[in-house]
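The values are calculated or read from the model by the stated rules, or taken from the named source; none is laboratory data. Predicted model only: the values in this text are computed from it and were never measured. Here Cβ is always computed from backbone atoms with ideal geometry, including for glycine, and neighbour counts include all displayed protein chains. SASA here: full protein model, heavy atoms, side chains in, ligands and nucleic acids out. Shrake-Rupley method; radii C 1.70, N 1.55, O 1.52, S 1.80 Å.
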Amino acid sequence: MDRPFWLDKDEETGRDVMSMTLTDRMTRGTYLLDDGPDKPATICLSYTWCDDSLKWLPLSANERMEVMLKSLGEIYPKVDIRKHIIGNPVTVSWENEPYFMGAFKANLPGHYRYQRRLFTHFMQDRLPQDKRGIFLAGDDISWTAGWAEGAVQTALNAVWGVMHHFGGATDGTNPGPGDVYDEIAPVELPED
């Protein structure tokens, strides 16, 4: 882009004409990156993975850009994105990359027990003493890999785990995930 035009103000609302956008349309995630008001900028469009990304695989970079500009045009009908384009689109399809191996984790049949171990790692009282004190967080250990919601959930679990590890406690009127763990824990399957 020639500049971060998305910071221009809408005359009717007074808000930026565009912003970071999450949608169920085929652009999925639209991220706006800039290095200052009059410097070239970048729009990153993410169409996630698996079913969504496979739909894009046969399209060229220009064809992908055209579809996404159409979709963004429906979301931001008053914004002429096209007039700000100064470069050629660049695209990466992880499915075409060597050693791709799935990019974003997707649990396969039989993986539940491993995912449960990762997700419940913040409950360390039952672990041997020498296995305690490291707490995991992030979408990749959650039930919803690749999504911010899973990252936030596991971060809250890890914060509770650290607090508990150092002898802290939550307020009784506002229990944390470890306080209600026995009620809400994922079902534990037999190991065999």
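The conditions of being more than 21 Å from Lys70 (Cβ to Cβ) and in contact with a strand residue (DSSP E or B) (Cβ under 8 Å, 6 or more places away or on another chain) are not met by Arg28. Take the conditions (1) touching a residue at least 12 places away in the same chain (Cβ under 8 Å); (2) in a loop (DSSP other than H, G, I, E, B); Glu74 misses just one of them, which is (2).
Answer yes or no: is there a residue in the range 163-177 that is in contact with a helix residue (DSSP H, G or I) (Cβ under 7 Å, 6 or more places away or on another chain), open to solvent by less than 90 Å² (accessible area, probe 1.4 Å) and touching a residue at least 40 places away in the same chain (Cβ under 8 Å). Within the range 163-177 (the criterion being in contact with a helix residue (DSSP H, G or I) (Cβ under 7 Å, 6 or more places away or on another chain), open to solvent by less than 90 Å² (accessible area, probe 1.4 Å) and touching a residue at least 40 places away in the same chain (Cβ under 8 Å)), the answer is yes, since at least one residue qualifies. Filter the range 35-66 down to the residues that are surrounded by 14 or more Cβ atoms within 10 Å (Cβ to Cβ), at pLDDT below 90 and in a helix (DSSP H, G or I) and list them by number. Listed by number, the residues that qualify are Ser53, Trp56.
Within the range 129-153, being outside any helix (DSSP H, G or I) and either open to solvent by 70 Å² or more (accessible area, probe 1.4 Å) or at pLDDT below 90 (or both) holds for Arg132, Ile134, Gly138, Ser142, Trp143, Thr144, Ala145, Gly146, Trp147. The number of residues in the range 5-34 that are surrounded by 11 or more Cβ atoms within 10 Å (Cβ to Cβ), under 23 Å from the mean Cα position of the chain (by Cα) and either aromatic (Phe, Trp, Tyr) or part of a loop (DSSP other than H, G, I, E, B) (or both) comes to 10. Restricting Pro77, Pro98, Pro89 to residues that are crowded, with 16+ Cβ neighbours inside 10 Å and out of contact with any Gly (no Cβ under 9 Å at 6 or more places or on another chain) narrows the list to Pro89.
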